[in-house]
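To start, the structure under review is shown below, and the notes come after it.
The values are calculated or read from the model by the stated rules, or taken from the named source; none is laboratory data. Values in this document were obtained by computation on a predicted structure and should not be read as measured data. Cβ sites come from the backbone with ideal geometry, for glycine too, and all protein chains shown count toward neighbours.
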Amino acid sequence: MGLSGNEVSAANQQRRNEELHKSPVAGVLESVGSAAGAAVALGKSLVVGGPTGLAVAGSVVAGMGIVDWFRKLGTAKVSENLEILGQATEDALNRVETLLGEHGTVIGEIKRRLDSDDFKNAMASASLHALRTTQKERLKRLALILANGVKSDDLTAENSDDMMRAAVELTEFDLKVLHAIFTEQSGLVGSHTVLSTEWAHQVAIRWADKFGFLDTEAWRGARSSLSRLESFGFVQQVRTTAVLAVGGLRTQPYALLPEGRKFFDRLRSIGDSK
């Protein structure tokens, strides 16, 4: 007889508690507390000298065990990040499986995608990139890139790795700028030969519609985001005769590139077709 849902949940929770107790997390708070206590005790015993009245700072630092803090806190954060990434990926893949099933994809095909070397390599890449951030939202971006890659059956190693690097380096504002360009220019990607006169003209028109209202300060903030997006190959500055004046600044428009459209698509919630 199998276990009930409640019994399985209780067993999983007990396992997590045991793992947490064994991990450096359990000792971190204790270490912080003892180190703080030691620092206070040490501070009371220090001889205050000199005209500034400063204590001997080196002795305080030596008593805090900074190296040990880094070791324990770092190990704990790695475990936490991988737990968040794993759960977010599992949740997203469950939605992908449901969506694919609704559209007639057979279970065998879904299993093939999840068993593929491309998916395993993408998971390894996501795990490595997860160690480069402390922000939960960026970890969720990695999960979406994995799940949407399975959904579209496109997890080539180079593309996935580049997108995951962008996922942990771009800011929320960077993504808002990319979204603004995407909504205006998505239909232009691939519709004209890149750098053709007609394509550049259409880019300039849509750029003016979206960014022409910005004042100088807002535009300077957008320029920083555009530089980061351009470094990932998601957008490209287009040289046209239609130079746009924004808040007194004269600038050339930026165009959405195919990799920028793909990256934005990979960050969409599963099942979101907007």
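Residues 120, 140, 111, 136: which one is farther than 16 Å from residue 82 by Cβ and basic (Lys, Arg)?
None of the others qualify; the one that does is 111.
Looking only at helices (runs of 4 or more DSSP H) that lie completely in the stretch 20-112, which have at least 3 residues being more than 31 Å from the chain's Cα centre (by Cα) and either of a type in the set (S, T, N, Q) or modelled with pLDDT of 50 or more (or both)?
57-62
In this structure, is residue 168 more than 22 Å from residue 271 (Cβ to Cβ) and of a type in the set (A, V, I, L, M)?
In short, yes.
Of everything in the stretch 244-267 that's modelled with pLDDT of 90 or more and part of a loop (DSSP other than H, G, I, E, B), which residue is farthest from residue 168 (Cα to Cα)?
Checking each candidate, the answer is 257.
Report yes if residue 182 is among the aromatic types (Phe, Trp, Tyr), under 30 Å from residue 121 (Cβ atoms), at pLDDT 80 or above and part of a helix (DSSP H, G or I), otherwise no.
Criteria met by residue 182.
Would you mind finding the one in 140, 136, 151 that is modelled with pLDDT of 85 or more, loosely packed, with under 15 Cβ neighbours inside 10 Å and assigned by TED's automatic domain parsing to the domain that holds residue 108?
Of the residues listed, the single one that is modelled with pLDDT of 85 or more, loosely packed, with under 15 Cβ neighbours inside 10 Å and assigned by TED's automatic domain parsing to the domain that holds residue 108 is 136.
With respect to residue 116, is the statement that it is surrounded by fewer than 20 Cβ atoms within 10 Å (Cβ to Cβ) and closer than 14 Å to residue 267 by Cβ true?
For residue 116, the condition - surrounded by fewer than 20 Cβ atoms within 10 Å (Cβ to Cβ) and closer than 14 Å to residue 267 by Cβ - is not met.
Just to verify a result, which residue in the stretch 202-243, among those that are assigned to a helix (DSSP H, G or I) and among the hydroxyl-bearing types (Ser, Thr, Tyr), is modelled with the highest pLDDT?
231
Just to be sure before I move on: is residue 182 surrounded by 17 or more Cβ atoms within 10 Å (Cβ to Cβ), in contact with a helix residue (DSSP H, G or I) (Cβ under 7 Å, 6 or more places away or on another chain) and not assigned by TED's automatic domain parsing to the domain that holds residue 261 in the structure I sent?
In short, no.
Only residues in the stretch 143-160 that are under 22 Å from residue 103 (Cα atoms) count as the first member; pair them with residues that are among the charged types (D, E, K, R), Cβ under 6 angstrom, at least 6 apart or cross-chain, and list the lot.
That search, which allows pairs on different chains as well, returns 145/266; 148/266; 150/113; 153/113; 155/118.
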